[in-house]
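Some notes on the structure that comes next.
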Amino acid sequence: MTIDSDETQVRHFLDVDDLSEEELFAVLDRAAEYKRAVDAGEDHADLPGKTLGMLFQKASTRTRISFETGMTQLGGHAIFLGADDIQLGRGEPLKDTSRALSRYVDCVMARVFKHENVEVLAEYADVPVVNGLTDDAHPCQTLADLQTIREQFDGFSGVSATWIGDGNNVAQSFVLGCAMAGVELTVATPDEHAVDEGIIERAGELGTEPTTTTDPVAAVEDTDVVYTDVWVSMGQEDEREIRLRRFDGFQVNGELLAHAADPVVMHCLPAHRGEEITDAVLESDRSIVFDQAENRLHAQKALLAELLEGA
C-alpha cells in the first residue's frame, strides 16, 4: 500500500495497486470470510471503537451505505460528511480539513471529483485515506468486482473478462485489478473514450496489459465476463448527446451477447437502462450485478480491517 510519511507512516488506498498482490489476495480472502460470517449471523466486530469519517462531494448510494453498514458490523462508527455540512464547502483548504479530521477519526473515506483531492488528503492525513471514488479511479469497486468474479469461477485461473463502453474511472481501476489477479482482459471502447495509456502501462508492470479494441463484437467472443458502466457519468451531463452518438453499437444487449458463449454480465450501478445495457440483460439470469453490489460491503470491511488493525 502507499506509504506517506512525514512524522509517522500511514497506509493509504488511493488505487488498487496501492495493495501488493499478496495484500490484494489477503483482502479478498477476508472479504469472503466476512460474507460467510454475515450469512451465518456471526459477530465479526474486528474494529471496536474505530471511527470512519466519510467525506462526500458526489452523491452516493452503494458507497455510503456499504461503508456505513460495514463499520457498524465491524463494531465501529461512521460519520457522513457532506461538502455542505463541513467547512470544506465554505472554502477551507483540503489540507486543513485533512489535518483536523486526523485528530478525530481513525480513517477517512473520500468520494470526490478530482483525483488530486484524495492525494492531498493523503499527503496531510495522519490516518489512512481510502478512495471511495474519483474521476480517475474507483478501487473499492474493483475489490468487489474481483471478489464477485472469484466467487463465480472459484478463482481467477483461466478466467477472461471484457470491458465494454467508456474507459472511465471504474474501467481504469478494473484494468489494474485484473492485471494483479491474473484475469485476461479485453477493453472495447470508442477511440475518444479509451482507457488512459498510463493505466495500460501500469497494468503491464503489474501483470499483463489488456487487449484493446474498438470492436465490441470481437471483444465478447469466448469471454467469461462482460462488464459495462454508464456512458454519461456525474458531471458529464452537458456531453450527453455527443457521448450517446459515440457509444452507438456498444450497448450490452441480447444481440451483442449472441456473439459470446455464455458470459455473466456485470455492472457497477447505477445503470441507465436502455443506454449502456438493456433492461432484459440486466434482469436476466446472466446478471450478477447485485452480487457485485453486495460485495462492496464485504470487500470494504476487509480493506478497513487491513488498514486499521495494525495502525
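Any read-out appearing in this document is the output of simple, stated calculations on the displayed coordinates, not a laboratory observation. Small disclaimer: the values here were computed from a predicted structure and weren't measured. Every residue, glycine as well, gets a Cβ built from its backbone with ideal geometry; the counts of neighbours run over all protein chains shown.
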Study note, to complete from the structure: Pairs returned, first residue in the range 20-48 that is touching a residue at least 24 places away in the same chain (Cβ under 8 Å), second residue that is among the aromatic types (Phe, Trp, Tyr), beta-carbon separation under 7 angstrom, 6 or more apart or interchain, are His44/Tyr34
Point to revise | Condition broken by Glu275, with the remaining ones in (1) in a helix (DSSP H, G or I); (2) without any contact (Cβ under 8 Å) to a residue 60 or more places away in the chain satisfied | key: (1)
Practice item. Quickly run through the range 265-292 and pick out the residues that are under 16 Å from Thr61 (Cα atoms) and crowded, with 19+ Cβ neighbours inside 10 Å. Key: His267, Cys268, Ala271, Val289, Gln292
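Residue-wise test of (1) in contact with a strand residue (DSSP E or B) (Cβ under 9 Å, 6 or more places away or on another chain); (2) crowded, with 24+ Cβ neighbours inside 10 Å.
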| position | (1), (2) |
| --- | --- |
| Glu116 | no, no |
| Leu121 | yes, yes |
| Val129 | yes, yes |
| Thr134 | yes, yes |
| Gly158 | yes, no |
| Ala161 | yes, yes |
| Gln172 | no, yes |
**Study point:** Single unsatisfied condition, Val265 versus (1) within 30 Å of Ala26 (Cα to Cα); (2) assigned to a loop (DSSP other than H, G, I, E, B)
**Key:** (2)
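Which of the residues spanning the range 44-89 are over 17 Å from Glu309 (Cα atoms), outside any helix (DSSP H, G or I) and more than 21 Å from the chain's Cα centre (by Cα)?
Narrowing the range 44-89 to residues over 17 Å from Glu309 (Cα atoms): 54-66, 68-69, 79-89.
Then keep just the ones that are outside any helix (DSSP H, G or I); that gives 54-61, 79-86.
Of everything in the range 44-89, those that are over 17 Å from Glu309 (Cα atoms), outside any helix (DSSP H, G or I) and more than 21 Å from the chain's Cα centre (by Cα) turn out to be Ala83, Asp84, Asp85, Ile86.
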Practice item. Take the residues in the range 101-114 that are free of Cβ contacts under 8 Å to residues at least 60 places away in the same chain and surrounded by 16 or more Cβ atoms within 10 Å (Cβ to Cβ), then tell me which one is nearest to Asp39 (Cα to Cα). Key: Met109
